[in-house]
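Worksheet: one structure, shown below.
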Amino acid sequence: MNNKNLAAAFVMGILLCIGLVLLGYFTAGGIVKLRALERTITVKGLSEHEVPANTAIWPIKFSEAGNDLNKLFSTLQQKNSIIVEFLKKHGFQDKDISISAPAILDRQSEQEGSDKAKFRYSGRSTITVYSENVDLVRKTMETLVDLGKQGIAISGEDYQSKTVFIFTKLNDLKPVMIEEATKNARAVAEKFAQDSKSRLGKIKSASQGQFSIEDRDSSTPHIKKVRVVSTVEYYLSD
């Protein structure tokens, strides 16, 4: 009886050892395969387009000075009317033109002692053109000298009165640019795989960067450069 039990235990031990060996073999094989799946490459794909701005915001500013406040207001209103007429003559409509309330400064209240300004009051008026006809805005800007001939000295552009050109049709470009960026990323990945004697597999993950819209350069703010970068991670196999 003891011999039978000993033999049975011996056989079970052998089978158990064989099972552990096989388990270790298949487990090792699974780890190798798992590690093979973890071989990846991360690449970036760029897409850039140059597009014309489709909206312009053009502030037109001028200043006046005087000692009679009522007369100063009248002068500002008169010159506002001249500018509006000038704009309409060039093809703009009422909906494109807005007139801001004049800004009046009492210089006397800001002077100390006997040092007084020549004119007590200074006034500034701003007329803003908001138009989707960018070419018309740019063309009209070149004729501002005509207002100077009518006694209106237009202020030069500063940070607050700079003409702004905007591109608002980004959604129309997004599908094409995302496709381009993805294709460019794949081309880079395929070249890497070829150089490393590997094969490019499926996409593991992908992320789209933010779209950016900037002036092409400082001399042509009406031309925009739209840019996006996509990041894609691919599997690699031998």
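The values are calculated or read from the model by the stated rules, or taken from the named source; none is laboratory data. Since we're looking at a predicted model, the values are computed, not measured. With ideal geometry, Cβ positions are generated from the backbone for all residues, glycine too; neighbour counts draw on all protein chains shown.
In this structure, is residue 190 over 21 Å from the mean Cα position of the chain (by Cα) and either of a type in the set (Lys, Arg) or over 30 Å from residue 43 (Cα atoms) (or both)? Walk me through how you get there before you give the answer.
Values: over 21 Å from the mean Cα position of the chain (by Cα): yes; either of a type in the set (Lys, Arg) or over 30 Å from residue 43 (Cα atoms) (or both): no.
In short, no.
Starting from residues that are loosely packed, with under 13 Cβ neighbours inside 10 Å and part of a helix (DSSP H, G or I), keep the ones in region 131-145 and report whichever is nearest to the chain's Cα centre (by Cα). Walk me through it before giving the result.
Residues of region 131-145 that are loosely packed, with under 13 Cβ neighbours inside 10 Å, as a first pass: 135, 139, 142-143, 145.
With the extra rule that they be part of a helix (DSSP H, G or I), the set shrinks to 135, 139, 145.
Numbers: 135: 22, 139: 26, 145: 34 Å.
Only one residue fits best here, namely 135.
Could you please give the count of residues in region 164-218 that are charged (D, E, K, R) and touching a Phe, Trp or Tyr at 6+ places or on another chain (Cβ under 6 Å)? Can you show your working first?
Here is the first cut: in region 164-218, the residues charged (D, E, K, R) are 169, 172, 174, 179-180, 183, 186, 190-191, 195, 197, 199, 202, 204, 214-217.
In the following step, the residues that additionally are touching a Phe, Trp or Tyr at 6+ places or on another chain (Cβ under 6 Å) were identified as 202, 204.
So the count comes out to 2.
When both residues are 6+ apart or on different chains and their Cβ atoms are under 7 Å apart, which pairs have a first residue that lies in region 77-105 and is within 13 Å of residue 140 (Cβ to Cβ), and a second that is assigned to a helix (DSSP H, G or I) and modelled with pLDDT under 95?
83/147; 86/146; 86/147
Determine, yes or no, whether residue 95 is more than 15 Å from residue 154 (Cα to Cα) and either loosely packed, with under 13 Cβ neighbours inside 10 Å or assigned by TED's automatic domain parsing to the domain that holds residue 225 (or both).
So residue 95 fits the description; yes.
Residue-by-condition table, conditions (1) without any contact (Cβ under 8 Å) to a residue 12 or more places away in the chain; (2) on the phi > 0 side of the Ramachandran plot; (3) loosely packed, with under 15 Cβ neighbours inside 10 Å:
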{"site": "191", "(1), (2), (3)": "yes, no, yes"}
{"site": "199", "(1), (2), (3)": "no, no, yes"}
{"site": "210", "(1), (2), (3)": "no, no, yes"}
{"site": "219", "(1), (2), (3)": "yes, no, yes"}
{"site": "234", "(1), (2), (3)": "no, no, no"}
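Does residue 71 fit the bill of being more than 30 Å from residue 227 (Cα to Cα) and free of Cβ contacts under 8 Å to residues at least 40 places away in the same chain? Can you show your working first?
Numbers: more than 30 Å from residue 227 (Cα to Cα): yes; free of Cβ contacts under 8 Å to residues at least 40 places away in the same chain: yes.
Considered against the rule, which asks whether it is more than 30 Å from residue 227 (Cα to Cα) and free of Cβ contacts under 8 Å to residues at least 40 places away in the same chain, residue 71 comes out as yes.
Out of 64, 85, which single residue is in contact with a strand residue (DSSP E or B) (Cβ under 7 Å, 6 or more places away or on another chain) and either among the acidic types (Asp, Glu) or not assigned by TED's automatic domain parsing to the domain that holds residue 129 (or both)? Even if it seems obvious, please write down each step before you answer.
Numbers: 85 fails: in contact with a strand residue (DSSP E or B) (Cβ under 7 Å, 6 or more places away or on another chain).
When all the criteria are applied, what remains is 64.
Looking at region 41-73 only, could you name the residues that are crowded, with 16+ Cβ neighbours inside 10 Å, aliphatic (A, V, I, L, M) and not in a strand (DSSP E or B)?
Residues satisfying the conditions are 53, 72.
Looking only at region 87-119, count every residue that is basic (Lys, Arg) and at pLDDT 85 or above and tell me the total. Spell out how you get there, then give the answer.
Looking only at region 87-119, we keep the residues that are basic (Lys, Arg), and these are 88-89, 95, 107, 116, 118.
Right, trim to at pLDDT 85 or above and you get 88-89, 95.
So the answer is 3.
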